[in-house]
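Bear in mind that the values in this text are calculations on the coordinates, not laboratory data. Note that the structure is a prediction, hence the values are computed from the model and not measured. Positions of Cβ are generated from backbone atoms using ideal geometry, with glycine treated the same way; all protein chains shown enter the neighbour counts.
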Amino acid sequence: MSQWRELSLGRKCGHAVTALSLVLVFIAFTTPYWLASDPRVYSAQFLRSGLWEMCFRSYTNPEDLEMRKFYVGCRWILTYEYNTLRDSIEVPFFVAVQVFFTIGFTLLLLACVLLLAMHICLPASRAFTLLKVIIAVLFASAVSGTIAVIIFGARGDGRDWMPDPDHNYLSWS
């Protein structure tokens, strides 16, 4: 079991960067600010979107020609109310982003747990082996998250997904 005081400056910085990345990825995973509509446009049907939450203002299903139901407010993307919208809001590229980012977040969380376990309850003789595993898990997490961000960056503000694409932009999440 290694003590925090005995660690080198490089390892302390590595732990701090890993913890900071976990916090930032958690914020990106849970907030609905991946894609947003320009707030100056009052007629926008779409407000903002995250991986697991969509926010609308008087949005109707594109297949509902009689406009019988309007969607207003923010809701979890898998809620029962959005079953009729499933084909229009969960397009294949968005599902791929959800899958890759969820895998990346889960692997990052696993790496942080392994890092804590390495310092709390693992003997120093086996720490180097576990450190190799943690590095591999962090690398896989980074690759998965990067793939998700590239896919969303390439297709997220496309003309074929959300309404009024001229006023939508990639937001801060």
Within-15-Å neighbourhood charge of Ser37 [Cβ basis; K, R +1; D, E -1]: -1
Pairs of Cα atoms farther than 30 Å apart, the chain, %: 34
Dipole axis of the chain (+1 Lys, Arg; -1 Asp, Glu on Cβ), positive-most option in Thr129, Ser173, Thr79: Thr129
Net charge dipole size for the chain [Lys, Arg +1 and Asp, Glu -1 on Cβ; Debye, nearest 20]: 860
Cβ-based net charge around Pro92, under 15 Å, with every Lys or Arg adding one and every Asp or Glu removing one: -1
Length gained when the stretch Phe128-Lys69 is fully extended (0.36 nm per residue, less Cα-Cα span): 15.4 nm
Free-standing Cys residues across the chain, given no other cysteine C-beta under 4.7 angstrom: Cys13, Cys112, Cys121
Residue-count net charge about Glu81 - beta-carbon cut-off 10 Å; Lys, Arg +1, Asp, Glu -1: +2
Top positive-direction residue, dipole computed over the chain with Cβ charges, set Val99, Ala16, Met162: Ala16
Length-normalised contact order for the stretch 35-88 - Cα pairs under 8 Å, 6+ apart - percent: 26
Loop-located trypsin sites (Lys or Arg not before Pro) in the stretch 42-76, at most 16 other Cβ atoms within 10 Å (DSSP): Arg68, Lys69
The chain: relative contact order as a whole-number percent, Cα under 8 Å and 6+ apart: 29
